[in-house]
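The values are calculated or read from the model by the stated rules, or taken from the named source; none is laboratory data. All values derive from a computational prediction rather than experimental measurement. For neighbour counting, all protein chains shown are included, and Cβ atoms are generated from backbone atoms with ideal geometry for every residue, glycine included. When the accessible area is computed, the model is the full protein with side chains, heavy atoms only, and any ligands, DNA or RNA have been set aside. Shrake-Rupley method; radii C 1.70, N 1.55, O 1.52, S 1.80 Å.
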Amino acid sequence: MLRNALIFLAPGFEELEALAPVDVLRRVGVSVTLAGVSPDASGGVPSSRGVAVRCDRPIGELSPAGWELVYFPGGMPGSRNLAAEEFCLEAARQTLASGGWVCAICAAPLVLEAAGLLKDGVEYTCYPGTERQIAHGVYTGNYIQRSGRILTACGPAAALDFSLEILRATGSPQLASQLGEAMRRR
């Protein structure tokens, strides 16, 4: 089972895409660290709609190594802000190189492109139209796409399903099913 995850928040992130995995992963006991790119004095990072979310730590206090999973939410200009931050790119590279998982949703595959992870043959999906800004990899247009240890999803509507897919992919399929059923009860 997944033990730790690093979720990045940069100014202009998409709220659902950022917080759904925090909720799902913490519900099952994964240690999730919200990493702030350019947080304010109180640790807050503004979303694309002006909702400030307080991060656990700014990226300057973290190491890019040692994570089992790194996650990049979409949103604009949040995705561009993440793609411009070398710490984020290095965390993605090191996590994948050490056998961990790299996840990106909506426009955040731009981060994977900037990190050099969308090599020829790597399949990905993203928010429709974003693929025109990505020169490498194979765009599938799927709702959720897994290619090795890279997971991508298309946008905010996929946030909960993507979070559950992260649990399935990282070795907890039964837990993902149970949690998904419990969260969908009416």
Quick one: which residue in Ala97, Ala114, Ala91 is touching a helix residue (DSSP H, G or I) at 6+ places or on another chain (Cβ under 6 Å) and modelled with pLDDT of 95 or more?
Ala114
Please work out which one of (1) closer than 21 Å to Cys88 by Cα; (2) more than 12 Å from the chain's Cα centre (by Cα); (3) open to solvent by 10 Å² or more (accessible area, probe 1.4 Å) is the condition Tyr124 fails and give its number.
(3)
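Any chance you could count how many residues in the range 22-42 are out of contact with any helix residue (DSSP H, G or I) (no Cβ under 8 Å at 6 or more places or on another chain) and open to solvent by less than 20 Å² (accessible area, probe 1.4 Å)? Let's see the steps before the verdict.
Here is the first cut: in the range 22-42, the ones out of contact with any helix residue (DSSP H, G or I) (no Cβ under 8 Å at 6 or more places or on another chain) are 22, 26, 29-31, 33, 39-42.
If we keep only those that are open to solvent by less than 20 Å² (accessible area, probe 1.4 Å) as well, we get 22, 30.
Residues in the range 22-42 being out of contact with any helix residue (DSSP H, G or I) (no Cβ under 8 Å at 6 or more places or on another chain) and open to solvent by less than 20 Å² (accessible area, probe 1.4 Å): 2 in total.
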If a residue has to be open to solvent by 10 Å² or more (accessible area, probe 1.4 Å), assigned to a helix (DSSP H, G or I) and either out of contact with any Leu (no Cβ under 8 Å at 6 or more places or on another chain) or of a type outside the set (Asp, Glu) (or both) to count, how many in the range 151-178 make the cut?
11
Criterion violated by Met183 - all others in (1) under 29 Å from Asp120 (Cβ atoms); (2) surrounded by fewer than 22 Cβ atoms within 10 Å (Cβ to Cβ) satisfied
(1)
Using beta carbons and a limit of 7 Å, which pairs, at least six apart or on different chains, have the first residue in the range 140-164 and modelled with pLDDT under 95 and the second one open to solvent by less than 10 Å² (accessible area, probe 1.4 Å) and not in a loop (DSSP other than H, G, I, E, B)?
none
Name the residues in the range 1-21 that are more than 11 Å from the chain's Cα centre (by Cα), crowded, with 24+ Cβ neighbours inside 10 Å and closer than 26 Å to Pro173 by Cβ, would you?
none
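If I filter the range 72-113 down to residues being polar (S, T, N, Q) and open to solvent by less than 40 Å² (accessible area, probe 1.4 Å), which single residue comes out as farthest from Leu164 (Cα to Cα)?
So in the range 72-113, the residues polar (S, T, N, Q) come out as 79, 81, 94-95, 98.
Going one step further and asking which of them are open to solvent by less than 40 Å² (accessible area, probe 1.4 Å), we end up with 79, 95.
Details: Ser79: 22, Thr95: 20 Å.
The extreme case among them is Ser79.
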